[in-house]
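Have a look at the structure below before the remarks.
The values are calculated or read from the model by the stated rules, or taken from the named source; none is laboratory data. All values reported here derive from a predicted model rather than from experimental measurement. Here Cβ is always computed from backbone atoms with ideal geometry, including for glycine, and neighbour counts include all displayed protein chains.
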Amino acid sequence: MEQTKKWGIILTVLFIAIQSAIMFGLAAKQELEFLRSAAMTTCLWVVYTAIEMKYGLYMSNYIRVVVMLSIICDSFFGYYLEYYITSSVFDKILHIFGTYSFALFFYFLVIQLLLKKPLNRSFAYLFIVLLGISFGTLYELLEFFVDYTAQPAIRGQAGLLDTDLDLLADTIGALFAAIHLAVGKLDVKIMQYLAEGNSLMKR
């Protein structure tokens, strides 16, 4: 576990450095809306990492990496290279990959914080799919709220078809997360961790 935490800190420092470089680039291009979005996601991840270290949560470094990649792709390809504007496919691919990564991320957190015990394998697959779909739905609601209140230059939702395709991509990403959980061994360490009684609620 100590080795996992050590690499977690190293990966987080590298993530902050990459995101900072992207934000400097966005500032140089005077893309202030994109800069704020990149800064917000970076800050949220740093806050999570601080909470993880403080309370001794466990997070697979594989999941940590794929979540960081999702955020970096959003900032660099989506905002800095403006693929959200120039590509009709990039957003859907990122929805698939992002939901895949965040479904795994939230699965690990929920197991530790709320359930505090491993799930039946069959139910775990269904649970992670529902987590991914719920995450995607909440993200679409957030996009709608931002579009309606902030009136950004580039709207998060171009129309009903765009929203429907985003939700479809989110569902595919959630299914990929369930398949990975089924064929991989990502949940082995979390089961060991819980068996040792190291969850937050027992501290």
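Remarks
- A count restricted to region 36-77 and to residues that are touching a residue at least 24 places away in the same chain (Cβ under 8 Å) and in a helix (DSSP H, G or I) stands at 26.
- Count of region 1-35 residues, restricted to those that are part of a helix (DSSP H, G or I), touching a residue at least 12 places away in the same chain (Cβ under 8 Å) and more than 17 Å from Tyr79 (Cα to Cα), is 7.
- Residue selection: Lys92 fails the criterion of being surrounded by fewer than 19 Cβ atoms within 10 Å (Cβ to Cβ) and on the phi > 0 side of the Ramachandran plot.
- Filter result for Thr149 (at pLDDT 85 or above and either within 27 Å of Leu32 (Cβ to Cβ) or of a type in the set (S, T, N, Q) (or both)): no
- Filter pass, Asp164 being more than 19 Å from Ile128 (Cα to Cα), at pLDDT below 85 and acidic (Asp, Glu): no
- Qualifying residues in region 162-186 (those that are buried (at least 19 other Cβ atoms within 10 Å of the Cβ) and charged (D, E, K, R)) - the one farthest from Arg64 (Cα to Cα): Asp166
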